[in-house]
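The values are calculated or read from the model by the stated rules, or taken from the named source; none is laboratory data. What you are looking at is a predicted structure, and each value in this text was computed from that prediction instead of being measured. No Cβ is skipped: glycine too gets one built from the backbone with ideal geometry, and neighbour counts run over all protein chains shown. Areas reflect the complete protein model, heavy atoms only, side chains present, ligands, DNA and RNA absent. Shrake-Rupley method; radii C 1.70, N 1.55, O 1.52, S 1.80 Å.
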Amino acid sequence: SLGIDALCIDAPQRQISVFNGRRMAAWCDIVSLDLNGAIDVEGSLATLRRLDAIIAAELAKGTPARRIFIGGFSQGGYIALSYLISTAVALGGGFAFSTFMPEAAWSAFCRGRARADIPVLLGHGADDFIIPRHHAAATGAALRRCGFVVQEAIDIKMAHEMTDDADRVVLAWLQKLL
């Protein structure tokens, strides 16, 4: 046992532009799946403010910042990475699977406050046909350019999903850090 508490929050239902307005669970609108595409800045910022409140509540309860980790899958991974590049809080680390950071997110959220000493785990399925592998690789390279210590697990046997193998990768990474 790692002696940790996990707080898993669900994204609200909203219309998604790239899926012709279909309603689905999402942290913000998805307007493009391209590395150079537009992002929903306002929707992303609203979610980042929600995370600020959740993390502030954890800190107020006495949880040390270095024992707080943020992570997500797909769009949740994008939100987790957006939080890491925008927060001044020295969290324990962050992980993101089957995701990428569009170029627009770096200029929208990285305000020079990012804590480069925060470890990041990037995972990507070998069979993920939703998010191309080169998107994940570009995200890892950008994080490294900002000084983050990035560990990649890009050959996990999975499609665009979280699997037991992916869960084991996250747990092993957490064990190293805790």
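General observations
- Shape category assigned to the range 75-178 from the gyration tensor of Cα positions, a/c cut at 1.5: oblate
- Reported label for calculated mean projected area of the Cα convex hull in nm² given [x] 13.3; [y] 9.5; [z] 9.0: [y]
- Its relative contact order, with pairs defined as Cα atoms under 8 Å and 6+ residues apart, puts the range 23-178 at 19 percent.
- Cα gyration tensor shape for the range 118-178, rounded if a/c is under 1.5, else prolate or oblate: oblate
- Between V31, V120, V150, the Gaussian network model of the chain with springs among Cα atoms under 10 angstrom shows the greatest mean-square fluctuation at V31.
- The simple Förster model, with R0 at 35 Å and r as the Cβ-Cβ distance, assigns A6 and A38 a FRET efficiency of 0.60.
- Listed peptides 64-71, 161-168 by packing density, highest first (mean Cβ within 10 Å): 64-71, 161-168
- Percent RCO, i.e. relative contact order, over the range 73-150, from Cα pairs under 8 Å lying at least 6 residues apart: 32
- The residues packed around M162, meaning those with a beta-carbon under 12 Å from its beta-carbon, carry a net charge of -4 if Lys and Arg are +1 and Asp and Glu are -1.
- Residue-count net charge about N20 - beta-carbon cut-off 14 Å; Lys, Arg +1, Asp, Glu -1: +2
- In order along the range 44-52, phi translates into HN-Hα couplings of 5, 4, 4, 5, 5, 5, 4, 5, 4 Hz, rounded to whole numbers, per the Karplus curve 6.51 cos²θ - 1.76 cosθ + 1.60 with θ = phi - 60° and x for Gly and Pro.
- Counting 0.36 nm for each residue step from K176 to L59 and taking away their Cα separation leaves a gain of 39.9 nm.
- Relative counts (whole %) of C-alpha pair distances in the range 44-97, using bins that are 10 Å wide: 26, 59, 15, 0
- Once the 1.4 Å probe is applied to the protein heavy atoms, the range 1-160 comes out at 48 Å² accessible per residue.
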